[in-house]
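Visitor: Before I ask anything, here is the structure I am working with.
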Amino acid sequence: MIWDPLLLTLKLAMVTTFLLFIISIPLASWLAQTKSKLKPLIETLVSMPLVLPPTVLGFYFLIAFSPGNTFGSWLNEWFGIKLVFSFPGLVLASILYSLPFMVHPIQSGLSSISPSLKEASYLMGKSKWETLWKVLLPNSKPAILTGIVLAFAHTIGEFGVVLMIGGNIPEVTKVASIAIYDEVEAMNYGTANFYSAILFVTTFAILLSVYLINGRYLKPFWK
Amino acid sequence: MIDIQIQKKLDSPTGQMSLDVDLSIEKGQIVALFGESGAGKTSLLRILAGLLRPDTGKIAVNEKTWFQSEPKSFSLKSQERNIGFVFQDYALFPNMTVLENLQFAAGKKGTINLEHLLELNELGDLKHKKPKNLSGGQQQRVALARALAQQPEILLLDEPLSALDDKIRRKLQQHLLEAHKEYGLTTILVSHTIEEIIKLGDWVIELHQGKMVQQGRPSELFASKEIKEKFKVTAEVLSIELKNDSFEAQLLVQNHVFTMAFSKKQGDSLRPGDRIVLASNDFKPNMYKK
(Lines give C-alpha, C1' and ligand atoms only; values in the text may rest on other atoms or scores of the structure.)
Protein backbone atom coordinates (compact mmCIF):
# COMPACT_ATOMS: atom_id res chain seq x y z
CA MET A 1 0.00 0.00 0.00
CA ILE A 2 1.21 3.43 -0.88
CA TRP A 3 0.80 4.82 2.66
CA ASP A 4 2.78 2.04 4.34
CA PRO A 5 6.24 3.66 4.16
CA LEU A 6 4.86 6.92 5.53
CA LEU A 7 3.11 5.21 8.40
CA LEU A 8 6.25 3.24 9.15
CA THR A 9 8.30 6.45 9.18
CA LEU A 10 5.81 8.02 11.57
CA LYS A 11 5.84 4.99 13.85
CA LEU A 12 9.65 4.85 13.83
CA ALA A 13 9.94 8.55 14.59
CA MET A 14 7.44 8.38 17.44
CA VAL A 15 8.91 5.31 19.11
CA THR A 16 12.46 6.62 18.70
CA THR A 17 11.61 10.07 20.06
CA PHE A 18 9.80 8.61 23.05
CA LEU A 19 12.67 6.31 24.00
CA LEU A 20 15.24 9.01 23.31
CA PHE A 21 13.43 11.36 25.64
CA ILE A 22 13.58 8.83 28.47
CA ILE A 23 17.29 8.20 27.87
CA SER A 24 18.29 11.81 27.28
CA ILE A 25 16.85 13.39 30.43
CA PRO A 26 19.22 11.61 32.84
CA LEU A 27 22.10 11.73 30.35
CA ALA A 28 21.72 15.45 29.65
CA SER A 29 21.30 16.33 33.32
CA TRP A 30 24.39 14.31 34.17
CA LEU A 31 26.38 16.07 31.44
CA ALA A 32 25.07 19.47 32.54
CA GLN A 33 26.39 19.20 36.08
CA THR A 34 29.14 16.59 36.21
CA LYS A 35 32.74 17.43 36.90
CA SER A 36 33.82 13.90 35.98
CA LYS A 37 36.85 13.33 33.82
CA LEU A 38 34.72 11.07 31.67
CA LYS A 39 32.60 14.00 30.53
CA PRO A 40 34.58 14.90 27.38
CA LEU A 41 34.59 11.27 26.33
CA ILE A 42 30.84 10.87 26.76
CA GLU A 43 30.20 14.20 25.05
CA THR A 44 32.29 13.09 22.10
CA LEU A 45 30.44 9.81 21.79
CA VAL A 46 27.07 11.57 21.95
CA SER A 47 28.14 14.04 19.26
CA MET A 48 29.71 11.48 16.91
CA PRO A 49 26.55 10.91 14.84
CA LEU A 50 26.65 14.59 13.86
CA VAL A 51 29.80 14.12 11.81
CA LEU A 52 30.07 10.40 11.18
CA PRO A 53 28.60 9.15 7.86
CA PRO A 54 25.45 7.22 8.74
CA THR A 55 26.80 4.32 6.72
CA VAL A 56 29.66 3.90 9.22
CA LEU A 57 27.23 3.56 12.11
CA GLY A 58 25.07 1.24 10.04
CA PHE A 59 28.02 -0.87 9.00
CA TYR A 60 29.29 -1.51 12.53
CA PHE A 61 25.76 -2.08 13.71
CA LEU A 62 25.33 -4.66 10.99
CA ILE A 63 28.57 -6.36 11.94
CA ALA A 64 27.80 -6.36 15.67
CA PHE A 65 24.26 -7.65 15.49
CA SER A 66 24.47 -9.96 12.54
CA PRO A 67 23.29 -13.47 13.53
CA GLY A 68 26.48 -14.69 11.88
CA ASN A 69 28.50 -13.15 14.71
CA THR A 70 28.95 -14.24 18.31
CA PHE A 71 27.10 -11.32 19.90
CA GLY A 72 24.29 -11.30 17.36
CA SER A 73 23.70 -15.03 17.53
CA TRP A 74 23.86 -14.94 21.35
CA LEU A 75 21.15 -12.26 21.42
CA ASN A 76 19.09 -14.28 19.01
CA GLU A 77 19.45 -17.58 20.85
CA TRP A 78 19.05 -16.32 24.41
CA PHE A 79 16.52 -13.55 24.00
CA GLY A 80 15.08 -14.21 20.60
CA ILE A 81 16.08 -10.69 19.61
CA LYS A 82 16.98 -10.14 16.01
CA LEU A 83 18.14 -6.61 15.44
CA VAL A 84 19.30 -6.77 11.86
CA PHE A 85 16.66 -6.18 9.17
CA SER A 86 13.97 -5.71 11.81
CA PHE A 87 11.97 -2.84 13.25
CA PRO A 88 13.53 -3.01 16.76
CA GLY A 89 16.95 -2.81 15.13
CA LEU A 90 15.81 0.26 13.24
CA VAL A 91 14.66 1.86 16.47
CA LEU A 92 17.94 1.14 18.24
CA ALA A 93 20.02 2.53 15.38
CA SER A 94 17.78 5.60 15.14
CA ILE A 95 18.20 6.26 18.85
CA LEU A 96 21.98 6.27 18.50
CA TYR A 97 21.82 8.31 15.34
CA SER A 98 19.49 11.01 16.74
CA LEU A 99 21.00 11.08 20.23
CA PRO A 100 22.81 14.44 19.89
CA PHE A 101 19.69 16.12 18.57
CA MET A 102 17.87 15.33 21.79
CA VAL A 103 20.75 15.53 24.29
CA HIS A 104 22.38 18.78 23.15
CA PRO A 105 19.39 21.12 23.46
CA ILE A 106 18.35 19.66 26.82
CA GLN A 107 21.91 19.80 28.14
CA SER A 108 22.37 23.41 27.13
CA GLY A 109 18.94 24.28 28.50
CA LEU A 110 19.81 22.78 31.86
CA SER A 111 23.26 24.39 31.91
CA SER A 112 21.82 27.83 31.34
CA ILE A 113 19.69 27.71 34.48
CA SER A 114 21.23 29.71 37.32
CA PRO A 115 22.94 27.30 39.74
CA SER A 116 21.28 29.11 42.63
CA LEU A 117 17.89 27.62 41.62
CA LYS A 118 19.27 24.15 42.14
CA GLU A 119 20.99 25.15 45.37
CA ALA A 120 17.84 26.82 46.69
CA SER A 121 15.91 23.63 46.07
CA TYR A 122 18.54 21.49 47.83
CA LEU A 123 18.48 23.82 50.83
CA MET A 124 14.72 23.30 51.00
CA GLY A 125 15.47 19.64 51.57
CA LYS A 126 14.58 18.48 48.07
CA SER A 127 16.42 15.54 46.54
CA LYS A 128 18.32 15.76 43.26
CA TRP A 129 15.53 13.89 41.53
CA GLU A 130 12.77 16.12 42.84
CA THR A 131 14.83 19.19 41.97
CA LEU A 132 15.24 17.91 38.41
CA TRP A 133 11.54 17.24 37.91
CA LYS A 134 10.04 20.20 39.72
CA VAL A 135 12.59 22.95 39.16
CA LEU A 136 15.11 22.25 36.42
CA LEU A 137 13.03 20.57 33.72
CA PRO A 138 9.99 22.87 34.00
CA ASN A 139 12.35 25.79 33.49
CA SER A 140 13.87 24.20 30.39
CA LYS A 141 10.62 23.71 28.45
CA PRO A 142 11.76 25.43 25.24
CA ALA A 143 14.96 23.37 25.22
CA ILE A 144 13.05 20.14 25.77
CA LEU A 145 10.59 20.99 23.03
CA THR A 146 13.48 21.73 20.67
CA GLY A 147 15.09 18.40 21.55
CA ILE A 148 11.90 16.42 20.98
CA VAL A 149 11.13 18.07 17.68
CA LEU A 150 14.66 17.91 16.30
CA ALA A 151 14.99 14.24 17.22
CA PHE A 152 11.62 13.52 15.62
CA ALA A 153 12.40 15.42 12.44
CA HIS A 154 15.88 13.97 12.22
CA THR A 155 14.52 10.43 12.49
CA ILE A 156 12.10 11.16 9.67
CA GLY A 157 15.04 12.30 7.59
CA GLU A 158 17.18 9.21 8.17
CA PHE A 159 18.40 7.29 5.17
CA GLY A 160 21.85 5.75 5.37
CA VAL A 161 21.56 4.05 8.73
CA VAL A 162 18.15 2.65 7.94
CA LEU A 163 19.24 1.33 4.58
CA MET A 164 22.32 -0.37 6.03
CA ILE A 165 20.71 -2.18 8.90
CA GLY A 166 17.06 -2.25 7.92
CA GLY A 167 17.32 -3.03 4.29
CA ASN A 168 14.21 -2.47 2.29
CA ILE A 169 11.54 -4.84 3.58
CA PRO A 170 7.99 -3.56 2.90
CA GLU A 171 5.98 -2.90 6.07
CA VAL A 172 8.96 -3.81 8.26
CA THR A 173 11.85 -1.51 7.45
CA LYS A 174 10.91 0.30 4.27
CA VAL A 175 10.46 3.83 5.55
CA ALA A 176 9.49 6.79 3.39
CA SER A 177 13.01 8.02 2.70
CA ILE A 178 13.96 4.60 1.36
CA ALA A 179 10.75 4.25 -0.56
CA ILE A 180 11.63 7.47 -2.38
CA TYR A 181 15.01 6.08 -3.40
CA ASP A 182 13.32 2.88 -4.46
CA GLU A 183 10.73 4.63 -6.59
CA VAL A 184 13.31 6.82 -8.26
CA GLU A 185 15.37 3.75 -9.12
CA ALA A 186 12.26 2.25 -10.70
CA MET A 187 11.59 5.53 -12.55
CA ASN A 188 8.28 6.01 -10.69
CA TYR A 189 8.73 9.74 -10.31
CA GLY A 190 5.07 10.29 -9.49
CA THR A 191 5.17 8.12 -6.36
CA ALA A 192 8.58 9.47 -5.41
CA ASN A 193 7.17 12.97 -5.63
CA PHE A 194 4.19 11.96 -3.50
CA TYR A 195 6.45 10.79 -0.65
CA SER A 196 8.90 13.63 -1.08
CA ALA A 197 6.25 16.33 -1.01
CA ILE A 198 4.71 14.92 2.15
CA LEU A 199 8.08 14.72 3.93
CA PHE A 200 8.98 18.20 2.76
CA VAL A 201 5.77 19.75 4.03
CA THR A 202 5.78 17.76 7.28
CA THR A 203 9.33 18.63 8.30
CA PHE A 204 8.80 22.25 7.30
CA ALA A 205 5.69 22.44 9.46
CA ILE A 206 7.38 20.77 12.42
CA LEU A 207 10.43 23.02 12.41
CA LEU A 208 8.36 26.14 11.81
CA SER A 209 6.21 25.33 14.82
CA VAL A 210 9.29 25.05 17.06
CA TYR A 211 10.65 28.39 15.97
CA LEU A 212 7.24 29.99 16.38
CA ILE A 213 6.70 28.56 19.85
CA ASN A 214 10.21 29.16 21.18
CA GLY A 215 10.27 32.62 19.63
CA ARG A 216 7.11 33.40 21.60
CA TYR A 217 5.25 34.40 18.44
CA LEU A 218 2.43 32.16 19.51
CA LYS A 219 2.43 33.32 23.10
CA PRO A 220 -1.30 34.06 23.20
CA PHE A 221 -2.00 30.43 22.31
CA TRP A 222 0.69 28.73 24.32
CA LYS A 223 1.26 29.11 27.97
CA MET B 1 25.12 28.03 68.92
CA ILE B 2 27.12 27.77 65.72
CA ASP B 3 30.81 26.93 65.90
CA ILE B 4 32.78 27.31 62.72
CA GLN B 5 36.44 26.63 62.45
CA ILE B 6 37.40 26.04 58.82
CA GLN B 7 40.08 26.61 56.22
CA LYS B 8 39.63 26.67 52.49
CA LYS B 9 41.71 27.77 49.52
CA LEU B 10 39.69 30.02 47.23
CA ASP B 11 40.35 31.49 43.82
CA SER B 12 39.84 35.22 44.00
CA PRO B 13 40.35 37.91 41.35
CA THR B 14 43.67 38.76 43.01
CA GLY B 15 45.00 35.21 42.94
CA GLN B 16 44.62 32.43 45.43
CA MET B 17 43.35 33.31 48.85
CA SER B 18 43.03 31.27 51.97
CA LEU B 19 39.79 31.52 53.91
CA ASP B 20 40.64 30.84 57.53
CA VAL B 21 37.89 31.49 60.02
CA ASP B 22 37.27 30.55 63.63
CA LEU B 23 34.11 31.96 65.15
CA SER B 24 31.07 31.26 67.30
CA ILE B 25 27.61 32.63 66.79
CA GLU B 26 25.03 32.72 69.57
CA LYS B 27 21.57 31.41 68.95
CA GLY B 28 19.00 34.11 68.21
CA GLN B 29 21.46 36.75 67.07
CA ILE B 30 21.67 38.71 63.87
CA VAL B 31 25.27 38.60 62.77
CA ALA B 32 26.58 40.72 59.92
CA LEU B 33 29.55 39.72 57.79
CA PHE B 34 31.29 42.84 56.63
CA GLY B 35 34.25 43.44 54.35
CA GLU B 36 35.25 44.39 50.84
CA SER B 37 34.19 42.19 47.94
CA GLY B 38 36.37 39.14 47.57
CA ALA B 39 37.00 38.93 51.32
CA GLY B 40 35.29 35.55 51.52
CA LYS B 41 31.93 36.55 53.00
CA THR B 42 29.75 34.75 50.47
CA SER B 43 32.04 31.71 50.54
CA LEU B 44 31.62 31.52 54.30
CA LEU B 45 27.83 31.54 53.93
CA ARG B 46 28.01 28.86 51.25
CA ILE B 47 30.23 26.71 53.44
CA LEU B 48 27.75 26.98 56.28
CA ALA B 49 24.94 26.03 53.90
CA GLY B 50 26.84 23.00 52.64
CA LEU B 51 27.09 24.37 49.11
CA LEU B 52 30.85 24.65 49.35
CA ARG B 53 33.09 22.16 51.10
CA PRO B 54 35.93 23.41 53.29
CA ASP B 55 39.37 21.83 52.94
CA THR B 56 39.84 21.30 56.64
CA GLY B 57 38.21 22.16 59.95
CA LYS B 58 34.87 21.56 61.58
CA ILE B 59 31.40 23.03 61.85
CA ALA B 60 29.05 22.22 64.70
CA VAL B 61 25.55 23.57 65.18
CA ASN B 62 23.90 23.06 68.58
CA GLU B 63 26.53 20.45 69.41
CA LYS B 64 25.69 18.49 66.26
CA THR B 65 28.53 18.02 63.79
CA TRP B 66 27.76 19.37 60.33
CA PHE B 67 31.22 19.08 58.92
CA GLN B 68 34.53 17.64 59.96
CA SER B 69 37.65 16.83 57.98
CA GLU B 70 39.06 14.45 60.58
CA PRO B 71 39.27 11.92 62.12
CA LYS B 72 36.68 10.81 59.59
CA SER B 73 35.70 13.15 56.77
CA PHE B 74 32.01 13.98 57.06
CA SER B 75 29.70 16.61 55.65
CA LEU B 76 26.00 16.88 56.36
CA LYS B 77 24.05 17.33 53.13
CA SER B 78 22.56 20.74 52.38
CA GLN B 79 19.16 19.05 52.37
CA GLU B 80 19.50 18.14 56.03
CA ARG B 81 20.81 21.42 57.41
CA ASN B 82 17.45 23.22 57.47
CA ILE B 83 18.86 26.54 56.37
CA GLY B 84 16.84 29.33 54.82
CA PHE B 85 19.01 31.04 52.22
CA VAL B 86 18.22 34.29 50.46
CA PHE B 87 20.42 34.41 47.38
CA GLN B 88 21.79 37.57 45.88
CA ASP B 89 19.84 36.86 42.68
CA TYR B 90 16.87 35.70 44.81
CA ALA B 91 16.73 32.32 42.98
CA LEU B 92 12.93 32.35 42.74
CA PHE B 93 11.59 29.45 40.69
CA PRO B 94 10.31 31.06 37.46
CA ASN B 95 7.88 28.22 36.74
CA MET B 96 5.99 28.72 40.00
CA THR B 97 3.77 31.52 41.25
CA VAL B 98 4.64 33.36 44.46
CA LEU B 99 2.39 31.06 46.47
CA GLU B 100 3.76 27.95 44.77
CA ASN B 101 7.31 29.07 45.52
CA LEU B 102 6.35 29.27 49.19
CA GLN B 103 4.50 25.96 49.12
CA PHE B 104 7.46 24.23 47.52
CA ALA B 105 9.72 25.55 50.27
CA ALA B 106 7.26 24.65 53.03
CA GLY B 107 7.12 21.09 51.75
CA LYS B 108 4.54 18.63 52.94
CA LYS B 109 4.90 19.54 56.61
CA GLY B 110 2.41 22.33 56.04
CA THR B 111 2.50 23.53 59.63
CA ILE B 112 3.30 27.11 58.77
CA ASN B 113 0.61 29.61 57.97
CA LEU B 114 1.55 30.74 54.48
CA GLU B 115 -1.25 33.29 54.28
CA HIS B 116 0.11 35.00 57.38
CA LEU B 117 3.60 34.92 55.96
CA LEU B 118 2.38 36.49 52.72
CA GLU B 119 0.57 39.21 54.65
CA LEU B 120 3.59 39.87 56.84
CA ASN B 121 5.64 40.55 53.72
CA GLU B 122 2.83 42.44 51.98
CA LEU B 123 2.55 39.85 49.25
CA GLY B 124 -1.14 38.97 49.58
CA ASP B 125 -2.15 40.59 46.31
CA LEU B 126 0.76 39.12 44.38
CA LYS B 127 0.49 35.49 45.38
CA HIS B 128 -0.74 34.26 42.00
CA LYS B 129 1.89 36.14 40.00
CA LYS B 130 5.02 34.63 38.49
CA PRO B 131 8.36 36.07 39.69
CA LYS B 132 9.17 37.66 36.33
CA ASN B 133 6.16 39.94 36.72
CA LEU B 134 7.41 41.36 40.02
CA SER B 135 9.66 44.32 40.77
CA GLY B 136 13.05 43.87 42.43
CA GLY B 137 11.72 44.79 45.87
CA GLN B 138 8.78 42.44 45.52
CA GLN B 139 11.04 39.61 44.40
CA GLN B 140 13.22 40.21 47.42
CA ARG B 141 10.21 39.97 49.74
CA VAL B 142 9.18 36.72 48.08
CA ALA B 143 12.70 35.37 48.54
CA LEU B 144 12.61 36.27 52.23
CA ALA B 145 9.10 34.85 52.70
CA ARG B 146 10.11 31.68 50.87
CA ALA B 147 13.16 31.20 53.06
CA LEU B 148 10.92 31.59 56.14
CA ALA B 149 8.30 29.21 54.73
CA GLN B 150 10.60 26.27 55.22
CA GLN B 151 10.81 27.12 58.94
CA PRO B 152 14.58 27.19 59.15
CA GLU B 153 16.58 27.50 62.32
CA ILE B 154 19.23 29.53 60.56
CA LEU B 155 18.61 32.24 58.00
CA LEU B 156 21.42 33.25 55.67
CA LEU B 157 21.19 36.35 53.51
CA ASP B 158 23.71 37.12 50.80
CA GLU B 159 23.59 40.87 50.23
CA PRO B 160 19.86 40.71 49.73
CA LEU B 161 19.20 44.41 49.89
CA SER B 162 22.07 45.76 47.85
CA ALA B 163 20.18 46.20 44.60
CA LEU B 164 17.25 48.05 46.07
CA ASP B 165 16.58 51.74 46.45
CA ASP B 166 16.65 53.44 49.80
CA LYS B 167 12.97 53.54 50.69
CA ILE B 168 12.29 49.91 49.86
CA ARG B 169 15.45 48.86 51.63
CA ARG B 170 14.37 50.47 54.90
CA LYS B 171 11.02 48.74 54.67
CA LEU B 172 12.63 45.38 54.04
CA GLN B 173 15.02 45.82 56.92
CA GLN B 174 11.94 46.24 59.08
CA HIS B 175 10.37 43.06 57.63
CA LEU B 176 13.56 41.19 58.28
CA LEU B 177 13.75 42.32 61.91
CA GLU B 178 10.13 41.35 62.52
CA ALA B 179 10.54 37.95 60.94
CA HIS B 180 13.75 37.29 62.84
CA LYS B 181 11.93 37.91 66.12
CA GLU B 182 8.68 36.18 65.23
CA TYR B 183 10.31 32.95 64.04
CA GLY B 184 13.13 32.86 66.59
CA LEU B 185 15.90 32.65 64.00
CA THR B 186 19.62 32.87 64.05
CA THR B 187 20.41 35.16 61.14
CA ILE B 188 23.67 35.76 59.32
CA LEU B 189 23.77 38.39 56.61
CA VAL B 190 26.39 39.69 54.26
CA SER B 191 26.33 43.45 53.91
CA HIS B 192 28.50 46.30 52.68
CA THR B 193 26.37 48.98 54.22
CA ILE B 194 27.38 50.24 57.65
CA GLU B 195 23.99 51.85 58.15
CA GLU B 196 22.29 48.52 57.52
CA ILE B 197 24.58 46.64 59.87
CA ILE B 198 24.11 49.14 62.69
CA LYS B 199 20.36 48.96 62.21
CA LEU B 200 20.04 45.17 62.00
CA GLY B 201 23.06 43.55 63.51
CA ASP B 202 23.68 42.44 67.08
CA TRP B 203 27.22 41.52 66.16
CA VAL B 204 29.48 42.27 63.24
CA ILE B 205 32.42 40.29 61.94
CA GLU B 206 34.82 41.95 59.55
CA LEU B 207 36.67 39.81 57.04
CA HIS B 208 39.69 40.88 55.04
CA GLN B 209 41.40 38.59 52.53
CA GLY B 210 39.75 35.54 54.06
CA LYS B 211 40.76 36.35 57.65
CA MET B 212 38.71 37.77 60.49
CA VAL B 213 40.19 41.14 61.33
CA GLN B 214 37.81 42.32 64.01
CA GLN B 215 34.45 41.64 65.55
CA GLY B 216 32.17 43.33 68.02
CA ARG B 217 28.96 45.25 68.46
CA PRO B 218 28.32 47.31 65.32
CA SER B 219 27.95 50.64 67.12
CA GLU B 220 31.27 50.12 68.90
CA LEU B 221 33.16 48.65 66.00
CA PHE B 222 32.27 51.33 63.50
CA ALA B 223 32.88 54.23 65.83
CA SER B 224 36.59 54.76 65.92
CA LYS B 225 37.63 54.92 69.51
CA GLU B 226 39.99 57.89 69.50
CA ILE B 227 37.33 60.46 68.77
CA LYS B 228 35.10 61.25 71.70
CA GLU B 229 32.91 63.91 70.17
CA LYS B 230 29.20 63.93 70.70
CA PHE B 231 28.26 64.28 67.07
CA LYS B 232 29.98 62.27 64.40
CA VAL B 233 29.28 61.15 60.84
CA THR B 234 31.38 59.46 58.22
CA ALA B 235 31.31 61.11 54.81
CA GLU B 236 32.81 60.55 51.40
CA VAL B 237 34.28 63.44 49.44
CA LEU B 238 32.64 63.57 46.02
CA SER B 239 34.31 66.70 44.70
CA ILE B 240 36.32 69.56 46.07
CA GLU B 241 37.28 72.91 44.60
CA LEU B 242 38.95 76.07 45.73
CA LYS B 243 36.65 79.11 45.91
CA ASN B 244 38.20 82.37 46.96
CA ASP B 245 40.10 81.53 50.09
CA SER B 246 38.32 78.37 51.12
CA PHE B 247 37.47 74.98 49.73
CA GLU B 248 33.94 73.95 48.86
CA ALA B 249 33.36 70.22 48.99
CA GLN B 250 30.47 68.01 48.01
CA LEU B 251 30.05 65.27 50.59
CA LEU B 252 28.09 62.04 50.58
CA VAL B 253 26.70 60.90 53.92
CA GLN B 254 24.84 57.64 53.50
CA ASN B 255 22.65 58.60 50.58
CA HIS B 256 22.55 62.33 51.01
CA VAL B 257 24.75 64.82 49.23
CA PHE B 258 25.50 68.18 50.73
CA THR B 259 27.96 70.97 50.33
CA MET B 260 30.32 72.14 53.02
CA ALA B 261 33.08 74.71 53.25
CA PHE B 262 36.54 73.92 54.56
CA SER B 263 39.43 76.18 55.42
CA LYS B 264 42.41 76.17 53.13
CA LYS B 265 44.41 74.18 55.61
CA GLN B 266 41.70 71.54 56.05
CA GLY B 267 40.83 71.22 52.38
CA ASP B 268 44.32 71.08 51.00
CA SER B 269 44.80 67.36 51.62
CA LEU B 270 41.33 66.28 50.57
CA ARG B 271 40.77 64.43 47.31
CA PRO B 272 37.57 63.06 45.76
CA GLY B 273 37.02 59.55 47.07
CA ASP B 274 38.52 60.26 50.51
CA ARG B 275 36.51 59.14 53.52
CA ILE B 276 36.40 61.62 56.34
CA VAL B 277 34.84 61.86 59.78
CA LEU B 278 32.94 65.00 60.62
CA ALA B 279 32.84 65.48 64.36
CA SER B 280 31.90 68.20 66.76
CA ASN B 281 31.72 68.73 70.51
CA ASP B 282 29.43 71.64 70.28
CA PHE B 283 26.97 70.85 67.56
CA LYS B 284 23.81 72.94 67.42
CA PRO B 285 22.12 72.26 64.11
CA ASN B 286 18.82 73.64 62.95
CA MET B 287 16.17 70.97 63.12
CA TYR B 288 12.96 70.51 61.16
CA LYS B 289 10.40 67.83 61.52
CA LYS B 290 9.63 66.08 58.23
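Visitor: Which one is nearest to residue A:87 (Cα to Cα), of the residues in the range A:140-163 that are surrounded by 20 or more Cβ atoms within 10 Å (Cβ to Cβ) and within 14 Å of another protein chain (Cβ to nearest Cβ)?
Guide: A:144
Visitor: Have a look at A:71, A:79, A:59, A:65 and point out the one that is of a type in the set (Phe, Trp, Tyr) and out of contact with any helix residue (DSSP H, G or I) (no Cβ under 8 Å at 6 or more places or on another chain).
Guide: A:79
Visitor: If I go through the range A:28-74 residue by residue, how many of them are over 17 Å from residue A:98 (Cβ atoms) and either in a loop (DSSP other than H, G, I, E, B) or in contact with a Leu (Cβ under 7 Å, 6 or more places away or on another chain) (or both)?
Guide: 13
Visitor: For residue A:177, work out the one condition from (1) outside any helix (DSSP H, G or I); (2) surrounded by 14 or more Cβ atoms within 10 Å (Cβ to Cβ); (3) under 25 Å from the mean Cα position of the chain (by Cα); (4) not β-branched (Val, Ile, Thr) it doesn't fulfil.
Guide: Residue A:177 satisfies every listed condition except (1).
Visitor: Answer with yes or no whether residue B:192 is assigned to a loop (DSSP other than H, G, I, E, B), without any contact (Cβ under 8 Å) to a residue 40 or more places away in the chain and either within 28 Å of residue B:220 (Cβ to Cβ) or in contact with a Ser or Thr (Cβ under 6 Å, 6 or more places away or on another chain) (or both).
Guide: So residue B:192 fails the test.
Visitor: Taking the condition of being part of a helix (DSSP H, G or I) and under 22 Å from residue B:132 (Cβ atoms), how many residues in the range A:124-158 meet it?
Guide: Total satisfying the criteria: 15.
Visitor: Can you go through B:130, B:167 and tell me which one is more than 20 Å from residue A:123 (Cβ to Cβ) and within 12 Å of another protein chain (Cβ to nearest Cβ)?
Guide: That would be B:130, the only listed residue that is more than 20 Å from residue A:123 (Cβ to Cβ) and within 12 Å of another protein chain (Cβ to nearest Cβ).
Visitor: I would also like to ask the following. I'm trying to understand the selection: among the residues of the range A:120-131, which are in contact with a helix residue (DSSP H, G or I) (Cβ under 7 Å, 6 or more places away or on another chain), surrounded by fewer than 20 Cβ atoms within 10 Å (Cβ to Cβ) and more than 9 Å from chain B (Cβ to nearest Cβ)?
Guide: The answer is none; no residue qualifies.
Visitor: Pick from the range B:72-90 the residues that are more than 7 Å from chain A (Cβ to nearest Cβ) and of a type in the set (A, V, I, L, M): which of them is farthest from residue A:117 (Cα to Cα)?
Guide: By that ranking, first place goes to B:76.
Visitor: Failed condition for residue B:96, given (1) in contact (Cβ under 8 Å) with a residue 40 or more places away in the chain; (2) surrounded by 14 or more Cβ atoms within 10 Å (Cβ to Cβ); (3) part of a loop (DSSP other than H, G, I, E, B); (4) over 25 Å from the mean Cα position of the chain (by Cα), with all others met?
Guide: The number of the failed condition is (1).
Each row is one residue, and each column tells you yes or no for (1) in contact (Cβ under 8 Å) with a residue 40 or more places away in the chain; (2) in a strand (DSSP E or B).
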| position | (1), (2) |
| --- | --- |
| B:175 | yes, no |
| B:187 | yes, yes |
| B:198 | no, no |
| B:206 | yes, yes |
| B:215 | yes, yes |
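Visitor: Of all residues in the range B:111-167, how many are surrounded by 15 or more Cβ atoms within 10 Å (Cβ to Cβ), assigned to a loop (DSSP other than H, G, I, E, B) and not aliphatic (A, V, I, L, M)?
Guide: Qualifying residue count, the range B:111-167: 10.
Visitor: Now, a different point. Starting from residues that are within 14 Å of chain A (Cβ to nearest Cβ) and part of a loop (DSSP other than H, G, I, E, B), keep the ones in the range B:42-71 and report whichever is nearest to residue B:2 (Cα to Cα).
Guide: It comes out as B:50.
Visitor: Taking residue B:272, is it surrounded by fewer than 17 Cβ atoms within 10 Å (Cβ to Cβ) and modelled with pLDDT under 80?
Guide: The answer is no for residue B:272.
Visitor: How many residues does the range A:29-47 hold that are hydrophobic (A, V, I, L, M, F, W, C) and surrounded by fewer than 15 Cβ atoms within 10 Å (Cβ to Cβ)?
Guide: The number of residues fulfilling the criteria is 3.
Visitor: If I filter the range A:93-119 down to residues being in contact with an Asp or Glu (Cβ under 8 Å, 6 or more places away or on another chain) and without any contact (Cβ under 8 Å) to a residue 40 or more places away in the chain, which single residue comes out as nearest to the other protein chains (Cβ to nearest Cβ)?
Guide: In this case the residue turns out to be A:116.
Visitor: Continuing with this model, one more query. Between residues in the range B:116-127 that are on the phi > 0 side of the Ramachandran plot and residues that are surrounded by 12 or more Cβ atoms within 10 Å (Cβ to Cβ), which pairs lie under 9 Å by C-beta distance while being six or more apart or on different chains?
Guide: Correct list of pairs: B:122/B:138; B:122/B:141; B:122/B:171; B:122/B:175.
Visitor: Also, quick follow-up: Please go through the range A:100-114 and give me each residue that is buried (at least 23 other Cβ atoms within 10 Å of the Cβ) and either at pLDDT below 90 or in contact with a Leu (Cβ under 8 Å, 6 or more places away or on another chain) (or both), ordered by number.
Guide: Within the range A:100-114, A:100, A:101, A:102, A:103, A:105, A:107, A:110 qualify.
Visitor: Taking residue A:165, is it touching a Phe, Trp or Tyr at 6+ places or on another chain (Cβ under 6 Å) and part of a helix (DSSP H, G or I)?
Guide: When the stated conditions are applied, residue A:165 passes them.
The values are calculated or read from the model by the stated rules, or taken from the named source; none is laboratory data. Everything quoted here is computed from the prediction, not taken from an experiment. Please note: Cβ atoms are built from the backbone with ideal geometry, for glycine as well, and neighbour counts cover all protein chains shown.
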